[in-house]
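The values are calculated or read from the model by the stated rules, or taken from the named source; none is laboratory data. Note that the structure is predicted; figures quoted are calculated from it, not measured. Cβ sites come from the backbone with ideal geometry, for glycine too, and all protein chains shown count toward neighbours. Each accessible area value is taken on the protein alone, full model and side chains, heavy atoms only, with ligands, DNA and RNA left out. Shrake-Rupley method; radii C 1.70, N 1.55, O 1.52, S 1.80 Å.
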Amino acid sequence: MTQIENDPDQMDHKTCRYICDAVGERLQQSMRPEPALSSRLQQLLDEMQRREADRH
């Protein structure tokens with residue numbers, strides 16, 4: 001037997017994967033998508049990126 005099989009506190013890969021998948025699904029359900037940027041804020045970001053590109 002390997003060390004993991006001898007340790008009662010260790011989970012097998014299948015159980016660990018199942019838990020990770022379940023947590024990921026819950027997070028996706030509970031997190032709301034971020035709203036789109038306002039048009040003014042998007043314009044300002046575009047301008048900032050343009051100025052950065054001009055500097056280089």
For the chain, dividing by residue count, accessible area per residue (probe 1.4 Å) in Å² works out to 107
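Please label the shape of the chain as rounded, prolate or oblate, based on the square roots a ≥ b ≥ c of the eigenvalues of the alpha-carbon gyration tensor (a/c under 1.5 means rounded; beyond that, a/b larger than b/c means prolate, else oblate).
Values: a/c = 8.37, a/b = 2.64, b/c = 3.17.
Because a/c hits 1.5 or more and a/b fails to exceed b/c, the chain counts as oblate.
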For segment 9-56, the percent of accessible surface on carbon and sulfur atoms (probe 1.4 angstrom, ligands and nucleic acids excluded) is 54
Output ordering of 32-40, 46-54 (per-residue mean of other Cβ within 10 Å, highest first) is 46-54, 32-40
Taking Cα atoms only, helix 13-30 is inclined relative to the longest principal axis of the chain by an angle, in degrees rounded to 10, of 40
Given a Förster distance of 25 Å, the FRET efficiency implied by the Cβ-Cβ spacing of Met31 and Asp54, rounded to the nearest 0.05, works out to 0.10
